[in-house]
1. Restricting attention to the stretch 109-145, which residues are touching a residue at least 12 places away in the same chain (Cβ under 8 Å) and basic (Lys, Arg)?
2. Any idea how many residues of the stretch 198-211 are closer than 21 Å to residue 23 by Cα and part of a loop (DSSP other than H, G, I, E, B)?
3. Could you list all residues from the stretch 363-378 that are among the hydrophobic types (A, V, I, L, M, F, W, C), touching a Leu at 6+ places or on another chain (Cβ under 9 Å) and either part of a helix (DSSP H, G or I) or at pLDDT below 95 (or both)?
4. Does residue 22 meet the test of being among the charged types (D, E, K, R), assigned by TED's automatic domain parsing to the domain that holds residue 134 and not in a loop (DSSP other than H, G, I, E, B)?
5. Yes or no: residue 262 over 18 Å from residue 187 (Cα atoms), buried (at least 17 other Cβ atoms within 10 Å of the Cβ) and acidic (Asp, Glu)?
6. How do the helices (runs of 4 or more DSSP H) wholly within the stretch 212-269 filter down when requiring 1 or more residues that are within 22 Å of residue 192 (Cα to Cα) and aliphatic (A, V, I, L, M): which remain?
7. Do the conditions hold for residue 234, that is, is it polar (S, T, N, Q), in contact with a Phe, Trp or Tyr (Cβ under 7 Å, 6 or more places away or on another chain) and free of Cβ contacts under 8 Å to residues at least 60 places away in the same chain?
Amino acid sequence: MERRKFGATGCHLSVFTLGTMRFLNGWDAPHDHLPEESIENAHSVITAALKAGINHIETARSYGKSEGLIGQVLSHLDIPRSNLVITTKAQPTETAAEMRKNLEESLRLLGLNRVDLFALHGLNNQQRHDLAMRPGGCLAALQQAQREGLIGAIGFSSHAPLPLLLTTIATRAFAFVNLHYNFFRQENRAAVDLATALGMGVFIISPNEKGGLLYQPPPKLAQLTHPLHPVHFNERWLLSQPQVHTLSLGLSLPQHMDIHLESLNPRPFWQGNERQIQADLIQALSRSPLQRCGPCRLCLPCPVQIDIPTVLRLKHLRDTLDMDHFARFRYEMMQPDDHWIPGARGHLCTRCGDCLARCPQALPIADLVRQAHHEFSL
């Protein structure tokens, strides 16, 4: 499997990363109880990933039993530590001492004396960004741990809108970024480009599940990407871009590795049939006026906290590619006070008109968000 230089971190990562949110019973409480069946599942998944050529395993303090399960597996693997790159993450804390405690607990659970990459997890809104960047706070604790040799490089992960992503990247405080970017969600391209310009590693979060539930695509989408599976098209589209270094795969069973290995051949990644598929998809997307809705976000803020761009993006995918199941899946997860997937429901629109005056495309936003709510709620 190809490996790419992960920015200035000093690491070379396989183009696929093993994300470890989905081990068997991995979220069951208590998180310090590791059933034998969960350890066996983690061992089989990690072994399959390593056999396929993956050298990067990614976890987080908040991934339930994940760190402990990885630690159990690593302690029994006959593989040099230098052959692996391990990333973990922790959410920003109020104090440096709390972050130090998180790091030490991660190292204990993983059975390591050093983690290659450590990310501040979920800098999703201004409040969490500011908490992370507070002088003498959690970032300072990680920088001190880095000087002590406990951490290789420090990065951040984010589900934030593009303006905040760009702001966090531009601080130059981080060596890598984990973000959302895929064929069906391209508005973060500017963040990928800025991170590349600043020498940062670029890690793509869940490009296939959160990118469109592509493992079980609607017939229309599958027909448009034929002869490629939508997963193969999306992964090859991403890997054709040298500024993209690695894609996260959330495997729960070892056989789930197989579909991704098919994406790696033939080379180069972007050939005539893929360019034709892209043209066909763009043509389908262009049949809706929502294709004109870009990354400007001038419609925000909404007085009732509707995330207008996201609602319109989901409606666009539903209307043109029949991605109804995905649109409902993401829409139902949105909550006004949830920094991971923020946004109120479209039926709360009061038709105040604030967004209409700001939309450069003159889209009938109030009608569209209310219609989207109706469609996603049937």
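1. Residues satisfying the conditions are 114, 128.
2. 7
3. The answer is 365, 366, 368, 369, 372, 376.
4. Answer is no for this residue.
5. No.
6. The helices (runs of 4 or more DSSP H) meeting that bar are 230-239.
7. Taking the combined requirement at face value, the residue satisfies it.
Condition check ((1) closer than 18 Å to residue 111 by Cα; (2) out of contact with any Pro (no Cβ under 9 Å at 6 or more places or on another chain); (3) at pLDDT 95 or above) across all residues:
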| residue | (1), (2), (3) |
| --- | --- |
| 5 | no, yes, yes |
| 16 | no, yes, yes |
| 32 | yes, yes, no |
| 38 | yes, yes, no |
| 45 | no, no, yes |
| 50 | no, yes, yes |
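The values are calculated or read from the model by the stated rules, or taken from the named source; none is laboratory data. Remember, predicted model here, so these are calculated numbers, not experimental data. So basically every Cβ, Gly included, is an ideal-geometry build from the backbone, and we count neighbours across all protein chains shown.
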